[in-house]
Every structure is written in C-alpha cells, then in structure tokens.
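Asker: Before I ask anything, let me first share the structure, which is written out below as structure tokens.
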There are 6 protein chains.
Amino acid sequence: MAKLTEYKDMNPRARAVVEGIAKARGSDPANINNVWKALARHPDTMERFAAEMKAVMAPGALDGLTKELIYLAVSVANQCDYCINSHGYMARQKGMTEEMFGEFMAVVLAAQKGNKIATAYRVPVDAAFEEK
Amino acid sequence: MAKLTEYKDMNPRARAVVEGIAKARGSDPANINNVWKALARHPDTMERFAAEMKAVMAPGALDGLTKELIYLAVSVANQCDYCINSHGYMARQKGMTEEMFGEFMAVVLAAQKGNKIATAYRVPVDAAFEEK
Amino acid sequence: MAKLTEYKDMNPRARAVVEGIAKARGSDPANINNVWKALARHPDTMERFAAEMKAVMAPGALDGLTKELIYLAVSVANQCDYCINSHGYMARQKGMTEEMFGEFMAVVLAAQKGNKIATAYRVPVDAAFEEK
Amino acid sequence: MAKLTEYKDMNPRARAVVEGIAKARGSDPANINNVWKALARHPDTMERFAAEMKAVMAPGALDGLTKELIYLAVSVANQCDYCINSHGYMARQKGMTEEMFGEFMAVVLAAQKGNKIATAYRVPVDAAFEEK
Amino acid sequence: MAKLTEYKDMNPRARAVVEGIAKARGSDPANINNVWKALARHPDTMERFAAEMKAVMAPGALDGLTKELIYLAVSVANQCDYCINSHGYMARQKGMTEEMFGEFMAVVLAAQKGNKIATAYRVPVDAAFEEK
Amino acid sequence: MAKLTEYKDMNPRARAVVEGIAKARGSDPANINNVWKALARHPDTMERFAAEMKAVMAPGALDGLTKELIYLAVSVANQCDYCINSHGYMARQKGMTEEMFGEFMAVVLAAQKGNKIATAYRVPVDAAFEEK
C-alpha cells in the first residue's frame with residue numbers, strides 16, 4: 001500500500017497545495033484524493049505537478065473534456081489503473097456521456113492496432129505526411 | 001524497409017480496400033499511403049482494419065478532430081513514429097491549429113507524469129471515483 | 001549509430017562467443033550480425049546473453065519455430081525494430097510461411113486490443129480461470 | 001471495479017454475442033467470463049472484438065495452442081494481468097504442459113533482454129536480414 | 001494469485017537456489033520472498049535468474065545503492081508493482097534516504113517527460129552527441 | 001523529420017530559454033541541441049521543461065552522474081532513441097566509464113527480466129517489503 005499522508009498530518013507546503021486544489025474544486029481539503037496524499041512526502045514534486053496540472057488542464061484552444069479524453073487515452077495506453085479510474089471520473093464530470101465513452105474506447109482500440117501494424121510491418125513514413 | 005506493394009501490383013481484395021479508401025478521400029488509389037501498401041500482403045487483416053477505421057473514426061458523439069487527438073495520444077504513448085506522423089497530418093487536416101497542438105502536447109506530458117506518479121507511489125484507487 | 005566492433009578487432013572473450021555462434025550456424029564469424037558486434041564491448045553481458053539464447057531457443061517441448069514466434073510477438077509488443085527484423089528472418093528460416101505470418105500478425109493485433117479492453121474497462125480476473 | 005453486466009441484464013445485441021461464444025464453447029451463457037460482461041455496455045466494440053477473436057484464434061496455418069502462446073506473449077509484454085490469467089487458462093486447455101510453459105517463459109525473458117540490448121546499444125538493422 | 005511453492009515443498013534444484021540466496025542474506029530460507037516461490041516451478045529459469053542477479057547486483061564500478069536505483073527506475077517505467085515494492089525495500093536497506101527517494105522520483109518524472117517530448121516532436125539525434 | 005527552429009529564428013521566449021541553458025553549459029546558443037529546437041514552437045512547454053530539468057538534474061542528495069543513470073534507465077525502458085543518445089553523452093561527460101556503462105546495462109537487463117517474471121507469474125507483493 002502506498003504511504004498516504006492525511007491532510008491534517010501534512011507539512012505546510014503540502015497543505016498549501018491541497019488547499020489550492022480544494023478551493024478550485026469547491027471541496028473539503030480533508031477529502032483530497034489519494035494521489036495528493038501520496039505526493040505529500042515530496043513537496044517539490046507535489047508543487048511542480050500541481051502547478052503543471054493547473055496550467056495544462058484548464059480550457060484553452062482545447063476544451064476541458066477534450067483534454068480529459070487525451071489524458072485518459074495516454075493512461076489506457078500506459079496501463080495506469082489509478083489514472084483510468086480518476087480521469088474517467090473527471091471526464092464524466094466534464095460531460096462525457098456513455099456514448100462518448102464507447103466511441104473513445106473504439107478509437108483507442110483502433111489506435112492500438114494501427115500502432116502495432118505500423119511497427120510490425122516496419123512501415124516507412126510517407127513523405128506526403130511530413131510536417132513542413 | 002517494409003515490403004510495400006504498389007496499388008497496381010495488389011491482389012483484387014487489397015485493390016478493393018484501397019479503392020474504397022481513395023474514394024472516401026477523393027484521392028488517387030495510386031497515392032495511397034504506406035500502411036496500406038504494407039498490409040496488402042495480408043488481405044484478411046487489411047479488410048478488417050479498414051472496416052474498423054471507417055466505422056470508428058467517423059464523426060459521432062465525438063467529432064472527427066477529437067477522435068484524431070485520441071488516436072494521436074495513444075500513438076505518442078506507444079512511441080509509434082509512423083502513426084505520430086500520419087495522424088498528426090490527419091489532425092491538422094481536420095483543423096488542429098498550432099495552438100491546439102501545443103495544448104495537446106502539454107496534456108500528454110502531464111499525463112505521462114501523472115501515470116508514473118500513480119504507479120511509483122503505488123496510489124490506491126479512490127472509492128469516491130469508482131464507477132457505479 | 002551504435003559502436004560496432006568487427007570480429008577481427010574483438011577481444012578474446014568476444015571472439016570466442018562469436019566463434020561459438022558461427023560454428024553452430026555453419027557461417028563465417030566475420031559475418032556475425034550486428035547485435036554481437038555491439039555487445040562485444042561488454043563481454044560479461046555478451047557471454048551471459050549468448051548462453052541464455054543457446055539454452056532457451058533450442059527445440060524442446062516447444063519446437064524452434066514456435067519459439068521464434070513467441071520471441072517475435074514480444075518484440076512487436078515492445079516496438080523493437082531490430083528484433084522484429086532479425087527474428088522475422090529467423091522465423092522464415094525455420095519455416096514461417098507468408099500465410100503463417102499473416103495469422104501471427106492477426107493474433108498479435110487481437111491481443112493488443114484484448115489487452116487494452118481488459119485494462120481500460122478494469123476487468124476483474126475470473127475466479128474460474130485462476131491457476132490452482 | 002469494472003462495471004459488469006450479467007447475461008440476464010444485457011441488451012439484445014450483447015446477449016447475442018454471449019450466446020454465440022457460449023455455444024461455440026459448449027458452456028452456459030450465464031457463466032460467460034468477465035471481459036464480455038464489461039464490454040456489454042458498448043455493443044459495437046463487443047461485436048467487433050468477438051468477430052475478430054473468432055476469425056483470428058481458430059486453427060489455420062498455425063494451430064490453436066501456438067496462437068494462444070502468441071496471444072500470451074503479447075499480454076506478458078504489455079503487463080495485462082487479466083489477459084495473462086485468462087489466456088494462460090486457454091493455453092492449458094489447448095494442451096500447454098508445465099514444461100511448455102517453462103520454455104515459453106524462458107523465451108519471453110530472453111526476448112525482453114534481446115529487445116533492450118538492441119535498443120540501448122542502438123544496433124543498426126543487418127542488411128542480410130532485411131525482407132526482400 | 002500466483003502458484004507459490006513454499007521452501008519445504010520445493011524440488012532439490014529450487015531449494016538449492018533458495019538456500020544460496022538465504023545464506024548470502026543471512027536469513028531463513030523459509031522466509032524467502034515470493035518471486036522465488038513463484039519461480040520454483042521452473043528450475044532452469046530460476047537458476048539462471050539467480051545467477052544473473054548475484055553477478056549483476058554486487059557492488060563493482062557502480063555501488064550497490066546506485067544499482068538498486070537503476071533497477072527501480074526500470075521497474076517504474078515498466079509499471080511493475082511487485083518490483084517497485086521489493087526493490088524500493090532493497091534500496092532503503094542499502095541506504096536510500098527519503099530525500100534521495102524524492103530526488104529519484106523527480107528525475108524519473110522528468111525522464112518520462114523528456115522521452116515523450118523527443119518522440120512526439122520526432123527530434124533527430126544530435127550528431128555532436130553520437131558515440132564515437 | 002521534426003520541425004526544428006534554429007536559435008536565430010526563435011521567438012523571444014524560446015531564445016531566453018536557450019540562452020539560459022547555453023550559459024549554464026558555457027556553450028554557444030547557436031549550438032543548442034535539437035530537443036530545444038523542436039520545443040521552440042511551444043514556449044509554455046519549453047519553459048516548464050527547462051525549469052524542471054534545471055531543478056531536478058542538479059546534484060543534491062544524489063550526485064549528477066547517478067541522476068543521469070536514472071534518466072538513462074528510464075529512457076532505455078521506454079525505447080527513446082534520442083534520449084539514450086543524448087543522456088548517454090551526458091553520463092559520459094559526468095564521469096561514466098566504459099566499465100560503469102557495462103554494469104549499468106547489466107542491471108537494466110536483469111531488471112527487464114525481473115519485471116516480466118513478476119508480471120507473468122503474477123507474484124503477490126511480500127508483506128515484509130511493504131513500506132510502513
């Protein structure tokens with residue numbers, strides 16, 4: 001089992017990170033999710049990851065749901081069970097319907113297949129598709 | 001180098017697949033991209049993958065660009081150079097701007113990091129996030 | 001580019017490994033393939049890997065071609081281009097026909113898909129399938 | 001935990017898939033394994049995967065056990081626990097003895113090592129092994 | 001669950017391996033860790049892996065802790081939960097402090113990111129960095 | 001090929017990042033390595049990655065060479081050719097001898113094997129090794 005630190009037992013730097021996240025979500029810091037309880041032992045990494053997630057997941061040229069689907073696709077490819085569960089939840093919070101999830105999965109599976117076809121048949125990159 | 005079969009040299013089943021793709025794209029079958037030239041030696045797999053891609057990548061509950069971004073995210077996670085190049089091209093064709101690509105990459109990188117944090121710290125799944 | 005050492009320039013331990021492999025294959029040590037030219041700089045690892053390959057790839061309860069197909073399947077899953085090429089060659093040498101290669105690829109692609117389905121849908125292991 | 005749908009609660013399309021699998025195996029649809037209970041929520045993907053597995057895993061130029069070993073090799077490389085368990089069971093059902101399993105594992109481990117040797121030493125592909 | 005064989009029930013070859021490990025660690029063979037209980041069914045692989053680990057993990061040009069950190073880094077990248085837990089323990093036994101673990105993780109996360117940047121942006125290798 | 005931007009053509013934010021790196025290395029910004037030429041198109045990600053690398057790779061509780069070896073181990077596990085080449089160079093710059101590289105590789109290969117043994121035999125985590 002991971003070594004989890006509850007909010008009330010965290011050092012000041014970790015508490016500040018958790019308070020920032022809880023405030024943005026309108027939730028109770030005591031109910032922070034486990035990834036932050038695990039990171040609390042390493043405040044440098046915790047602060048850096050929290051700042052990166054905040055900057056990166058906010059809606060911009062891509063909307064929030066699309067960003068969650070990209071995050072989720074990477075997590076499935078990397079076999080990260082925790083991330084599939086937590087970002088699956090986030091995606092549903094941001095509007096992913098059951099039908100969207102079905103289509104998401106179908107694309108992920110086709111991509112897995114396409115990736116291995118390209119690799120196993122040793123397909124050379126098409127000149128026409130190269131970025132200029 | 002892959003063993004590539006040009007359109008004019010393909011067997012009838014492979015030609016039919018290529019013609020279907022070229023027609024849908026409004027392009028010349030002779031200019032089909034390399035993945036199909038590589039698959040031409042195995043018509044069963046070629047027909048199955050072409051049918052799957054057609055069914056799966058068409059706009060539905062998710063639009064075409066979002067689907068390309070999901071495909072691209074899997075391809076980056078799986079280190080598939082051919083797929084990154086070809087689906088990067090497809091994504092730009094379907095409207096991915098440079099700004100969107102920048103945000104896409106930023107999410108992919110954050111996800112890579114989040115995946116490894118969850119794994120290395122052995123973070124247990126949050127009960128609150130479990131799908132009911 | 002890898003730092004390759006030609007047979008004539010190898011240290012005695014590396015030469016001995018190459019001679020053992022060439023003798024078993026009935027080939028010229030000067031024509032040894034690149035993986036051994038790369039390993040020549042680290043004789044401990046070279047000797048250990050050569051001994052392991054010799055013990056493991058010889059026909060036993062599984063025949064030589066089946067072993068090559070298992071090796072090749074791992075190499076495709078791990079995206080190892082060198083290994084796909086060299087063990088694809090070995091498999092053809094040991095009797096893999098084009099039809100067999102087609103079926104091999106079809107199974108690999110189905111497995112890729114099955115692996116991601118199990119992961120993404122978080123499928124619990126069936127009690128009935130557990131090894132007793 | 002995955003969201004599993006029991007056979008009796010499935011929609012008609014999912015039931016039909018399960019009935020087809022159970023019939024081919026001579027088993028009770030109510031005892032279908034978990035991967036199909038998980039896929040029941042997405043009938044498109046379920047039908048596609050069932051059709052692909054049926055076409056691909058049947059004996060052909062490669063026998064049924066060899067196909068299971070290829071599937072299992074991919075699953076080990078991809079770290080898919082569910083697949084290792086279920087296809088390990090299938091392989092034993094199709095005749096994999098303990099001795100065969102031992103040899104299978106030995107080849108998988110050698111391949112893992114060979115894959116990383118080729119990658120880390122950046123070994124260039126041998127011209128002699130290229131497919132013509 | 002894995003099929004584990006307790007020390008008292010092992011065949012003579014497996015017992016010998018366990019006794020060698022226990023003696024080197026100054027521990028009781030009955031308390032051997034699970035990986036060896038799992039490998040006991042395949043003595044060839046067990047003997048080979050035990051010999052390799054003994055040769056490879058001993059202090060040499062690199063000290064014992066550095067070797068554990070390298071082993072741990074590979075295990076995190078490969079998402080091996082058992083290995084993260086057991087080699088995390090070994091690293092702490094060999095002197096890894098909490099501060100070192102924090103820095104270790106920070107480097108692993110930066111590497112994950114750097115790996116995907118190089119892949120996704122398709123960065124060509126710098127001539128200046130090539131090994132001569 | 002990646003879309004590389006030379007230093008003289010970079011936007012001000014990218015130039016500032018390159019100048020910071022070149023200054024720390026005592027080198028010419030025009031000779032910056034390719035990863036930074038590739039990242040120049042996305043200044044947000046570039047600044048974030050440069051700041052992270054600077055904070056993380058500096059000597060601390062772990063020395064600079066150990067950090068490079070950890071980075072390199074992750075890159076080999078992830079099959080990142082660019083990273084293997086560039087961080088292999090960095091490691092040699094920071095004192096990695098040929099003998100150290102040989103031992104590094106031997107540990108990486110043993111870890112790959114240990115990872116797959118644990119996964120394939122489905123080895124349960126030892127209670128004695130759990131972090132308290």
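Asker: Show the residue pairs meeting these rules: Cβ distance below 7 Å; 6+ apart or different chains; first residue within the stretch C:117-128 and facing chain D (nearest Cβ under 7 Å) and without any contact (Cβ under 8 Å) to a residue 12 or more places away in the chain; second residue assigned to a loop (DSSP other than H, G, I, E, B) and surrounded by fewer than 24 Cβ atoms within 10 Å (Cβ to Cβ).
Answerer: Qualifying pairs under 7 Å: C:119/A:79; C:121/D:2; C:122/D:1; C:122/D:2; C:123/D:2; C:124/D:1; C:124/D:2; C:126/D:33.
Asker: Which of (1) more than 13 Å from residue B:114 (Cα to Cα); (2) at the interface with chain B (Cβ under 7 Å from one of its Cβ atoms); (3) among the β-branched types (Val, Ile, Thr) is the odd one out, the single condition residue A:56 does not satisfy?
Answerer: (1)
Asker: Within the stretch C:68-116, count every residue that is aromatic (Phe, Trp, Tyr) and touching a residue at least 24 places away in the same chain (Cβ under 8 Å).
Answerer: Residues that pass the stated criteria total 2.
Asker: Let me spell it out: the conditions are (1) under 12 Å from the mean Cα position of the chain (by Cα); (2) more than 9 Å from chain B (Cβ to nearest Cβ), and residue A:74 meets all of them except one. Which number is the exception?
Answerer: (2)
Residues checked against (1) small (Gly, Ala, Ser); (2) more than 7 Å from every other protein chain (Cβ to nearest Cβ); (3) crowded, with 24+ Cβ neighbours inside 10 Å:
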site: E:65; (1), (2), (3): no, yes, no
site: E:69; (1), (2), (3): no, no, yes
site: E:82; (1), (2), (3): no, no, yes
site: E:85; (1), (2), (3): no, no, no
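Asker: Another one. Within the stretch D:14-29, how many residues are surrounded by fewer than 14 Cβ atoms within 10 Å (Cβ to Cβ), within 14 Å of another protein chain (Cβ to nearest Cβ) and at pLDDT 95 or above?
Answerer: Within the stretch D:14-29, residues that are surrounded by fewer than 14 Cβ atoms within 10 Å (Cβ to Cβ), within 14 Å of another protein chain (Cβ to nearest Cβ) and at pLDDT 95 or above number 1.
Asker: What single numbered condition from (1) closer than 30 Å to residue C:77 by Cα; (2) touching a Gly at 6+ places or on another chain (Cβ under 9 Å); (3) of a type in the set (Gly, Ala, Ser) fails to hold for residue F:58?
Answerer: (1)
Asker: Regarding residue C:34, is this residue within 30 Å of residue D:95 (Cβ to Cβ), surrounded by 19 or more Cβ atoms within 10 Å (Cβ to Cβ), facing chain D (nearest Cβ under 7 Å) and not aliphatic (A, V, I, L, M)?
Answerer: No; evaluated as a whole, the condition is false for this residue.
Asker: Among the residues of the stretch E:102-132, what is the count of those that are in contact with a Lys or Arg (Cβ under 6 Å, 6 or more places away or on another chain) and among the polar types (S, T, N, Q)?
Answerer: The qualifying residues number 1.
Asker: Looking at the stretch C:108-115, can you tell me whether even one residue there is more than 30 Å from residue B:74 (Cα to Cα), buried (at least 18 other Cβ atoms within 10 Å of the Cβ) and more than 7 Å from chain D (Cβ to nearest Cβ)?
Answerer: So far as the stretch C:108-115 goes, no, none of its residues is more than 30 Å from residue B:74 (Cα to Cα), buried (at least 18 other Cβ atoms within 10 Å of the Cβ) and more than 7 Å from chain D (Cβ to nearest Cβ).
Residue-wise test of (1) under 30 Å from residue F:77 (Cβ atoms); (2) surrounded by 19 or more Cβ atoms within 10 Å (Cβ to Cβ); (3) modelled with pLDDT of 95 or more; (4) not assigned by TED's automatic domain parsing to the domain that holds residue D:3.
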site	(1), (2), (3), (4)
D:41	no, yes, yes, no
D:44	no, no, yes, no
D:49	yes, yes, yes, no
D:73	yes, yes, yes, yes
D:76	yes, yes, yes, yes
D:92	no, no, yes, yes
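Asker: Go through (1) within 7 Å of chain A (Cβ to nearest Cβ); (2) in contact with a His (Cβ under 7 Å, 6 or more places away or on another chain); (3) not β-branched (Val, Ile, Thr) one by one and return the number of the condition residue B:105 breaks.
Answerer: Every listed condition holds for residue B:105 apart from (1).
Asker: When the stretch B:94-107 is examined, which residues are found to be over 21 Å from residue E:76 (Cα atoms) and surrounded by 18 or more Cβ atoms within 10 Å (Cβ to Cβ)?
Answerer: B:96, B:100, B:101, B:102, B:103, B:104, B:105, B:106
The values are calculated or read from the model by the stated rules, or taken from the named source; none is laboratory data. Predicted model, so just to flag it, every value in this text is computed and none were measured. Neighbour counts run over all protein chains shown; Cβ positions are idealised from the backbone, glycine included.
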